[in-house]
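Below is one structure, written out as structure tokens; comments come after it.
The values are calculated or read from the model by the stated rules, or taken from the named source; none is laboratory data. These numbers were taken from a predicted model, which means no experiment stands behind them. Counting neighbours? That spans all protein chains shown, and the Cβs are built from the backbone with ideal geometry, glycine included. SASA here: full protein model, heavy atoms, side chains in, ligands and nucleic acids out. Shrake-Rupley method; radii C 1.70, N 1.55, O 1.52, S 1.80 Å.
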Amino acid sequence: MYSLVPGPTSVSPAVLNVFVENFASTDIEDDFWDEYEALQKALQNILQTSNEVVIMSGEGMVVLWGAMKSVIKPGDHVVSVVNGLYGEGFAQIAQGLGATVERVEFPWDQAVDNNKVIETIQRVQPRLVTMVHCETPTGCLNELTDIGSVTTDYGGLFLVDFVSSAGGVKLNVDMEKIDLGLLGSQKVIGAPPALAFASVSDRAWNIIENVKYSGYDAFLPFRAMGRGKLLPYTHNWHAIAATLVACNELLEEGLDSVQTRHTAVRDVCLQAGKDIGLKVFHVDCPSPTVSAFYIPEGLTWDDFNGALRSRGVIVGGSYGNVEGKLFRIGHMGRQASLDMVKEAMTIIAEIISELKLSQSKE
């Protein structure tokens with residue numbers, strides 16, 4: 001089986017083994033806090049930040065919603081950078097919360113023009129700027145350069161979704177001046193989809209304390225969270241322990257080595273696709289963690305996907321404007337394997353030839 005969906009990714013036996021253990025109450029055991037704090041430190045190392053890291057129970061979307069609701073009040077001005085499904089999603093969330101939203105839009109098959117974003121920030125002077133580092137549905141990696149600095153200069157917060165890039169791509173939260181950095185456990189980190197994380201700057205905490213949003217996904221109860229303080233809910237100790245194992249596996253390999261591995265596998269995947277006549281969706285800004293190709297002309301996603309699954313190759317489809325048009329190879333985490341991707345691409349080439357031959361006989 002070649003599981004190459006762009007998340008949830010495959011997990012190591014050591015991570016899986018954590019779930020056969022019994023854990024006591026998170027409210028009363030020091031051992032829980034040992035692992036909670038160790039996971040915070042591991043995530044700070046992966047993200048290259050000294051900012052506090054919030055660890056929430058739930059899939060990655062919980063911090064996307066929680067971050068927005070924790071810092072936005074009705075009437076706030078928000079600039080949303082949009083060149084894909086999740087960029088548009090942030091704009092819609094902000095509008096739903098009563099914010100005045102200015103979209104800086106680009107075609108889904110093009111990278112963001114940071115100069116245009118910066119010009120908009122200077123003109124609007126927003127409370128919040130939202131941006132997606134890697135648009136998973138299209139495989140685009142956007143550059144973050146200078147946007148955080150300009151946002152800070154104009155008094156706003158910079159929110160970045162790096163759910164499918166963090167760990168597999170060079171990223172320094174503090175250097176990029178990211179106030180709210182969002183990710184989940186189920187992508188490059190290689191743990192089950194049970195936790196969501198946010199790095200939160202002091203500037204962001206000040207806004208959070210002013211907004212005072214309360215709810216399951218609220219950030220405020222996690223302010224200076226630690227021993228002696230009650231969690232807002234019974235936390236998922238199994239997931240924290242398992243994700244700590246996964247993070248330590250990445251850190252033991254070394255972040256530079258992990259990122260080099262992801263880039264090398266991306267390059268092999270793209271070249272293999274081109275060699276068999278596949279068209280890459282993002283030519284100029286392909287992500288090291290996920291590659292998107294057009295479904296071969298004359299084939300439907302359902303037929304193509306069914307044929308791949310019959311040979312043990314599991315890939316992702318796509319969503320939004322590109323639903324039914326693209327398929328995606330998730331070479332992130334343990335799936336960033338040269339052997340796995342080479343073998344899977346060989347099978348994909350065979351499947352395409354077989355399907356086209358079958359069509360020619362009809």
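Tabulated data
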read-out	value
Residues (part of a loop (DSSP other than H, G, I, E, B) and either free of Cβ contacts under 8 Å to residues at least 12 places away in the same chain or open to solvent by 20 Å² or more (accessible area, probe 1.4 Å) (or both)) located in the range 253-280	254, 276, 277, 279
Residue among 23, 32 that is more than 16 Å from the chain's Cα centre (by Cα), buried (at least 19 other Cβ atoms within 10 Å of the Cβ) and not in a strand (DSSP E or B)	32
Within the range 320-338, tally of residues that are surrounded by fewer than 16 Cβ atoms within 10 Å (Cβ to Cβ) and farther than 21 Å from residue 295 by Cα	1
Scan of the range 1-48 for residues that are among the hydroxyl-bearing types (Ser, Thr, Tyr) and closer than 26 Å to residue 257 by Cβ, ordered by number	2, 3, 9, 10, 12
Residue in the range 219-251 that is surrounded by the fewest Cβ atoms within 10 Å (Cβ to Cβ), counting only those that are out of contact with any helix residue (DSSP H, G or I) (no Cβ under 7 Å at 6 or more places or on another chain) and among the polar types (S, T, N, Q)	234
Residues being of a type outside the set (A, V, I, L, M) and either at pLDDT below 95 or surrounded by fewer than 24 Cβ atoms within 10 Å (Cβ to Cβ) (or both) - total across the range 177-218	16
Test: residue in the range 54-66 that is among the charged types (D, E, K, R) and more than 15 Å from the chain's Cα centre (by Cα)	no
Lone unmet requirement of (1) more than 28 Å from residue 292 (Cβ to Cβ); (2) within 20 Å of the chain's Cα centre (by Cα) for residue 144	(1)
Options 290, 315; residue that is farther than 14 Å from residue 1 by Cα, of a type in the set (Val, Ile, Thr) and buried (at least 19 other Cβ atoms within 10 Å of the Cβ)	290
First in the range 209-220 and touching a residue at least 40 places away in the same chain (Cβ under 8 Å), second anywhere and surrounded by fewer than 12 Cβ atoms within 10 Å (Cβ to Cβ) and of a type in the set (D, E, K, R), Cβ under 7 Å, 6 or more apart	220/212
Subset tally (residues that are hydrophobic (A, V, I, L, M, F, W, C) and open to solvent by 10 Å² or more (accessible area, probe 1.4 Å)) for the range 41-63	2
Top-ranked residue in the range 88-134 [being in contact (Cβ under 8 Å) with a residue 60 or more places away in the chain and closer than 14 Å to residue 282 by Cβ; ranked as most open to solvent (accessible area, probe 1.4 Å)]	110
Any hit, the range 229-242, residues being among the aliphatic types (A, V, I, L, M), part of a helix (DSSP H, G or I), touching a Leu at 6+ places or on another chain (Cβ under 6 Å) and farther than 18 Å from residue 26 by Cα	no
